[in-house]
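One structure is given here, and the rest of the page talks about it.
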Amino acid sequence: MIIGVLRVEYALHGNESLKDKRRIANSLKSKVRNKFNVSIAEVGSENSMSTLALSLVSVSNSEKHLQSRLTKCLNMMEAVCHEEMTYSDMEFFGVE
């Protein structure tokens, strides 16, 4: 079993409230979750109005399949979110 983790961070320019940030985060999370059936959550920057950090997790028997799925998630997130993506990182962990 392979576990894949994708971490993405956005800079929210001109964001004035946590409510606006939650609107952006919830929209992005639901689009990704509905299209790719992955777990996604906001992590690490819950109280910052200028930064949004999301982590996605998925499990598969094939690292190649998992890498393809997470890359598609990343590409979709870049395409649908108008905010500036400042960081992305993909990691894989093997579990026996």
| Complete set of residues in region 10-68 that are over 22 Å from A79 (Cα atoms) and basic (K, R) | K19, K64
| note | The lone condition G14 fails out of (1) of a type outside the set (S, T, N, Q); (2) outside any helix (DSSP H, G or I); (3) within 15 Å of the chain's Cα centre (by Cα) is (3)
| Single unsatisfied condition, A79 versus (1) among the aliphatic types (A, V, I, L, M); (2) open to solvent by 50 Å² or more (accessible area, probe 1.4 Å); (3) part of a strand (DSSP E or B) | (3)
| request: For residues that are modelled with pLDDT under 95, closer than 22 Å to E83 by Cα and either of a type in the set (D, E, K, R) or open to solvent by 50 Å² or more (accessible area, probe 1.4 Å) (or both), tally how many sit in region 52-68. | output: 0
| Meets criteria (acidic (D, E) and open to solvent by less than 70 Å² (accessible area, probe 1.4 Å)) for E16 | no
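The values are calculated or read from the model by the stated rules, or taken from the named source; none is laboratory data. All values derive from a computational prediction rather than experimental measurement. Remember, those area values only see protein heavy atoms, side chains included, never the ligands or the DNA or RNA. Shrake-Rupley method; radii C 1.70, N 1.55, O 1.52, S 1.80 Å.
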